[in-house]
1. Between GLN25 and ASP170, how high is the FRET efficiency from 1/(1 + (r/R0)^6) when r is the Cβ-Cβ distance and R₀ = 51 Å? Nearest 0.05.
2. Trypsin sites (Lys or Arg not before Pro) within region 1-102: which are DSSP loop residues with at most 12 other Cβ atoms inside 10 Å?
3. Which trypsin sites (Lys or Arg not before Pro) in region 173-250 sit in a loop by DSSP (not H, G, I, E or B) and have at most 14 other Cβ atoms within 10 Å of their own Cβ?
4. Could you tell me which of VAL181, CYS69, LEU104 has its Cα farthest along the dipole of the chain towards the positive end, charges placed at Cβ (Lys, Arg +1; Asp, Glu -1), taken about the Cα centre?
5. Would you work out the charge dipole size for the chain about its Cα centre, treating the Cβ of every Lys and Arg as +1 and the Cβ of every Asp and Glu as -1, and quote it to the nearest 20 debye?
6. Please build a GNM for the chain, connecting alpha carbons under 10 Å apart, and tell me which residue among GLY82, GLY14, GLY175 fluctuates the most.
7. Using only DSSP helix segments of four residues or longer, with each worth -39500 (n - 2.57), what per-residue ellipticity at 222 nm results for the chain after dividing by its residue count and rounding to 500?
8. Counting DSSP beta bridges with both partners in the chain, what percentage is antiparallel, nearest 5?
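A short reminder: the numbers here are calculations on the coordinates, not readings from a lab. In this text, all values refer to a predicted model and were calculated from it rather than measured experimentally. So basically every Cβ, Gly included, is an ideal-geometry build from the backbone, and we count neighbours across all protein chains shown.
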Amino acid sequence: MGKKIRVGVIGANGKMGSSVVAAVQADAQCELAVGIDIGDSLEELLKARCEVVVDFTNPTIVMENLAFCIKHGIDAVVGTSGFTPERIETLELWAGQRPNSRVLIAPNFSMGAVLMVTFAAIAAPYFESVEIVESHHPEKVDAPSGTARFTAQKVAVARRGHAPSPDATDPQDMGARGISVDGVPIHSVRLRGMVAHQEVLFGSIGETLTITHDSLNRDSFMQGVLIAIKEINHIDGVVVGLENVLPLGS
């Protein structure tokens, strides 16, 4: 058996972080070097000789964590939300100053979610209307979700050059129409009992198409997290989207 990848987990006591800890410990190619959470120093990552760090924290501290990883040459797999274009640009600037820096930001680690976005981008040019409805548990701190935003961005690129979706809504009523991301309306539901659910709805005259994905528990994300850990050395700089380390991204 070859050398195991030494993995650190930031946010190790959270719901997602604790699932990542268990998945890393159970994987034959990985070794949990350290798990840290609120009150712990990032220096623990250096003491544990981490090669890859997985961050499942929150938008208020994730940039600080990534600045540390980039500075010290630790690859970072990120599942935290809140990455605006400005934040991505800042990370690219930091990574550009440090050769061999690698940061993989995944709006979603589920295989089904990655395929949902891919299928939505394929369908997008063929329909007049498109909207997204996403539902999550009420502890989720951002709305719309990172996956919904990412889907809307991919759909918008695929629809470039096409007319916008028709909408006769009075501008004063736009609060009821969700938030527009690159011209795609997104509606967010926060409901007890949900984990993660998203529908991408397309419509044209006489037909509709709905692409739906459900994560029923957090285990659904772990396959993608482990792939990201093992394949991150195949990217350069800052990359957004798990598909970049999957065969369909080649």
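1. Efficiency computed from Cβ-Cβ geometry: 0.40.
2. LYS3, ARG49
3. Answer by residue number: ARG192.
4. CYS69
5. 580
6. Judging by the Gaussian network model, the answer is GLY175.
7. After summing the helix terms and dividing by the residues of the chain, the value is -9000 deg cm²/dmol.
8. 45
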